[in-house]
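J.: Can you read through this structure? Questions will come right after.
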Amino acid sequence: MRDLSCKNCGGIMVYDVSSMTAYCRYCGTSYVLDHKDTDYYKTFYRQMVESSAKDENSKERDDRLWDNASVITFATTEGQNIELRYLYSYSDKCCDVYVTRRNIAFHFRKGEGHKAEYMRKMVSSLDYPSADTRTLSDFFPRVTGAFVLDDGTMLVVINKREGEYPLRLFGKLGGRHIAWVISRLENLCCVLEYNGLVHPDISLDSVYINPNNHTACLYCNWWDVERMNTRDVKGELLSSADNLLGLRKTAEALLKTDKVTEDTPKALLEFIRSSPRVDAYEDFAYWDDMLIRAFGKRKFIKMETTDSDVYGKEDS
Ligand SMILES: [Zn+2]
């Protein structure tokens, strides 16, 4: 995927899901994209959604997606070369992020090594309700490598599965897709609650989804995670409401319209605009209730399915 360089700092920008504006997570600059760029990113979204359909052509489509991958090489202090083939990259506040087929690599800037250490500490401290250990841990980062580079900076690598990509890369989604994303995020928020943690950046960049099997993972920005009941930079007490507001903001960013339509029922909009419940467990129960009100009985729909495919047919 083509990179957009920030005119202010040279960092690699992210673009919003309607692909109208670009934003630099490093320095905060934003600007409106020209038509050519908008078309490019819209085409890319379409490719991503299509690549999630598992059929006889999926291997070919997947290879085509990776044909445009870029390569970057890092040298470690021990003389080892690490080559990353990445589909997507962006600059965050303390590091540059590279999304490869089976990994996410974080290249921490000079002087940010403590953030790398902090991230590793937070990730390794995660604990899971015993019955769910195996499945839930799949949706949180697992550090598989950490390297000191020859310029003194740090590279930390975590696992991701093939088919998992940042939520941002899929563009705006239909209401039913937003609904399954919310369900998975509620689940992840329960794990944060269980661990007494606040993740201040649950967003299109930290959440990765696999649209083929409807899973969502919270992979990035663990260097900003804090314990509940500590104070943030503004002196506000951190609570589970911060996680649940991040969830709502993420869902809102994905909406194609904020009007009530067949695909965006009133109950879905009402949930997105609602205040978080007292904790993640109660919020999940509240969401489950709203989900039934919004869409009735659960059904699994593929991402490339159009609204008419879903609403034109009766349940069998
Ligand atoms: Zn910038």
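The values are calculated or read from the model by the stated rules, or taken from the named source; none is laboratory data. Bear in mind the structure is a predicted one, so any value in this text is a computation, not a measurement. Cβ placement follows ideal geometry from the backbone for every residue including glycine, while neighbour counts extend to all protein chains displayed.
J.: Please work out which residue is nearest to the ligand (Cβ to nearest atom), limiting yourself to the stretch 6-55 and to residues that are of a type in the set (Gly, Ala, Ser) and modelled with pLDDT under 95.
T.: Among those residues, the one meeting the criterion is Ser19.
J.: Looking at this structure, is Ala22 in contact with a helix residue (DSSP H, G or I) (Cβ under 9 Å, 6 or more places away or on another chain), of a type outside the set (S, T, N, Q) and more than 19 Å from Val99 (Cα to Cα)?
T.: no
J.: Does the stretch 206-229 contain any residue that is basic (Lys, Arg) and within 21 Å of Lys93 (Cβ to Cβ)?
T.: Yes, there is a match, as at least one residue in the stretch 206-229 is basic (Lys, Arg) and within 21 Å of Lys93 (Cβ to Cβ).
J.: Between a residue in the stretch 210-223 that is assigned by TED's automatic domain parsing to the domain that holds Val181 and any residue that is of a type in the set (Lys, Arg), which pairs come within a Cβ distance under 6 Å, given they are 6 or more apart or on different chains?
T.: Listed pairs, sorted by first residue: Asn212/Lys54; Ala216/Arg184; Trp223/Lys115.
J.: Now, a different point. Of Ala241, Ala267, Ala216, which residue is within 24 Å of Tyr98 (Cα to Cα) and modelled with pLDDT of 95 or more?
T.: It is Ala216.
J.: State all residues of the stretch 146-184 that are among the small types (Gly, Ala, Ser), in contact (Cβ under 8 Å) with a residue 40 or more places away in the chain and touching a Leu at 6+ places or on another chain (Cβ under 8 Å); if no residue qualifies, say none.
T.: Gly175, Ala179, Ser183
J.: Give the residues of the stretch 217-259 that are touching a helix residue (DSSP H, G or I) at 6+ places or on another chain (Cβ under 6 Å), buried (at least 18 other Cβ atoms within 10 Å of the Cβ) and part of a helix (DSSP H, G or I), sorted by residue number.
T.: Trp222, Trp223, Ser240, Asn243, Leu244, Leu247, Arg248, Ala251, Leu254
J.: So, in the stretch 22-77, exactly how many residues are within 22 Å of Asn210 (Cβ to Cβ) and among the hydroxyl-bearing types (Ser, Thr, Tyr)?
T.: 6
J.: A further question follows. With in contact (Cβ under 8 Å) with a residue 12 or more places away in the chain, under 20 Å from Leu4 (Cβ atoms) and within 21 Å of the chain's Cα centre (by Cα) as the only criterion, which of Ala116, Ala105 stands out?
T.: Ala105
J.: Next question. Filter the stretch 125-156 for residues that are out of contact with any helix residue (DSSP H, G or I) (no Cβ under 6 Å at 6 or more places or on another chain), among the hydroxyl-bearing types (Ser, Thr, Tyr) and either closer than 19 Å to Ile202 by Cβ or outside any helix (DSSP H, G or I) (or both) and give the result.
T.: Residues satisfying the conditions are Ser125, Ser137, Thr144, Thr153.
J.: Return only the number of the condition from (1) closer than 30 Å to Asn213 by Cα; (2) touching a strand residue (DSSP E or B) at 6+ places or on another chain (Cβ under 6 Å); (3) within 14 Å of the ligand (Cβ to nearest atom) that Phe106 does not satisfy.
T.: Checking Phe106 against (1) closer than 30 Å to Asn213 by Cα; (2) touching a strand residue (DSSP E or B) at 6+ places or on another chain (Cβ under 6 Å); (3) within 14 Å of the ligand (Cβ to nearest atom), the one that fails is (3).
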